[in-house]
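Below is one structure, written out as structure tokens; comments come after it.
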Amino acid sequence: MMPTPILYDCDPGHDDAIALVMAHRSPAIELLGVTTTCGNATLERTTENALRILDYLGARDVPVAAGCHRPLARPLVLGTADGPSGLEGTPYLPPATRGPVAEHAVDFLAARLQAAPEPLTVVATGPLSNLGLLALKRPEVLPKIKELIWMGGVFWRQSDIITPTEFNAFCDPEALGIVLDSGVPITMVGLDVTMQVLIEAEQYAELDRIDTPLGRVVKDWLLYYEKLHRNSMGVGGAMHDPLALALVIDPTLVRTRPAHIGVELGGSYTFGATVADFWRERGEPDNARIACEVDADRFFQLMFDLLRD
């Protein structure tokens, strides 16, 4: 089969970093370009992180375009899981040997979509600031998005480790609302499934068996990244962004359910929460598919296979 060409919008971030590794190494994916946004760290740091990761992987031919340095309508609140740089725990990862392209991420996305002979898959694993601005600035290119796979949102909460509001939605809910209203086909990979793909002792043991330079880098990322999960929830790090990216390779890893999705913009305790109307009680058509079940064992097998030499 021919590889699926994708554009990847992200805010690296340890789990974004692992998703970048998977996107580069999978023969099922052709990585056309990476765009960055604020979220896990400032835009300057997420952009530098994306460049460092791609350079380390030998993917210097993959262009990186920096995008929004803040959410569309409110001050930036940074994530806390990845440390100040967004990629703590890997001091030996070399500095980037290049800079981002001159284009803003929104213009980069618009140009690549417009030039593509067929609609492209877009994967987004951070706040949707760039995609929201693209919908406002260049709505004519939106039909060239075959599917947007977004890591974000949460819908079922019968759990002690699933919060009412997921960070990517919380960081820029206005952008999320714009994208949900854009007509782009959306698959949402939220905490309902990502909190079922946790790095625990069994997964660390498999990384030890892989024992390659890249496998050791990924293990170091995970050891730092899991600290927040372990200290606050008592579980290992969740593979949020890698799972979303993995759906390009194997969409059958999750089962999805269609719904009309809204985002809460005014709640004191539920600000940024995603709300699903499965039964069209508000009379609104479905605007997304929500991942609701995941085959975690098959996901980990796929991820580990991509880390082996």
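Before we move on, is R25 in contact (Cβ under 8 Å) with a residue 40 or more places away in the chain and surrounded by fewer than 24 Cβ atoms within 10 Å (Cβ to Cβ)? Yes, satisfied.
Looking at V21, V34, V64, which one is under 16 Å from the mean Cα position of the chain (by Cα) and over 17 Å from M151 (Cβ atoms)? Answer to the check: V64.
Out of the residues in the range 107-118 meeting the condition of being out of contact with any Ser or Thr (no Cβ under 8 Å at 6 or more places or on another chain) and surrounded by 16 or more Cβ atoms within 10 Å (Cβ to Cβ), tell me which one is farthest from D11 (Cα to Cα).
First, the residues of the range 107-118 that are out of contact with any Ser or Thr (no Cβ under 8 Å at 6 or more places or on another chain): 107, 110-118.
From the residues that got through so far, the ones that are surrounded by 16 or more Cβ atoms within 10 Å (Cβ to Cβ) too are 107, 110, 112-113, 116.
Numbers: D107: 18, A110: 19, R112: 20, L113: 20, A116: 24 Å.
Result: A116.
Confirm whether P119 is more than 21 Å from the chain's Cα centre (by Cα), at pLDDT 95 or above and not polar (S, T, N, Q). No: the conditions fail for P119. For the structure I just gave you, tell me whether D297 is crowded, with 16+ Cβ neighbours inside 10 Å and in a helix (DSSP H, G or I). So D297 fails the test.
The residues listed here are R60, R45; of these, the one that is surrounded by fewer than 24 Cβ atoms within 10 Å (Cβ to Cβ) and within 25 Å of A116 (Cβ to Cβ) is R60. Considering only residues in the range 277-301 that are hydrophobic (A, V, I, L, M, F, W, C) and within 20 Å of the chain's Cα centre (by Cα), the one that is farthest from V184 (Cα to Cα) turns out to be F300. Tell me whether the range 75-97 contains one or more residues that are surrounded by 18 or more Cβ atoms within 10 Å (Cβ to Cβ) and at pLDDT 95 or above. Within the range 75-97 (the criterion being surrounded by 18 or more Cβ atoms within 10 Å (Cβ to Cβ) and at pLDDT 95 or above), the answer is no, since none of the residues qualifies.
Of the residues that make up the range 243-253, is at least one part of a loop (DSSP other than H, G, I, E, B) and at pLDDT 90 or above?
Yes - at least one qualifying residue is present in the range 243-253.
Candidates H260, H229: the one that is outside any loop (DSSP other than H, G, I, E, B), crowded, with 17+ Cβ neighbours inside 10 Å, in contact with a strand residue (DSSP E or B) (Cβ under 8 Å, 6 or more places away or on another chain) and at pLDDT below 90 is H229.
Of all the listed residues (A17, A65), the sole one being buried (at least 24 other Cβ atoms within 10 Å of the Cβ), in a helix (DSSP H, G or I) and of a type outside the set (V, I, T) is A17. Screening the range 106-208 for helices (runs of 4 or more DSSP H) wholly inside it with 3 or more residues that are touching a residue at least 12 places away in the same chain (Cβ under 8 Å) and over 20 Å from D277 (Cβ atoms) returns the ranges 129-137, 167-171. Within the range 263-291, the set of residues being under 25 Å from L198 (Cβ atoms), touching a Gly at 6+ places or on another chain (Cβ under 9 Å) and part of a strand (DSSP E or B) comprises T274, A276, A288, I290, A291.
The values are calculated or read from the model by the stated rules, or taken from the named source; none is laboratory data. Computed from a predicted structure; not experimentally measured. Here Cβ is always computed from backbone atoms with ideal geometry, including for glycine, and neighbour counts include all displayed protein chains.
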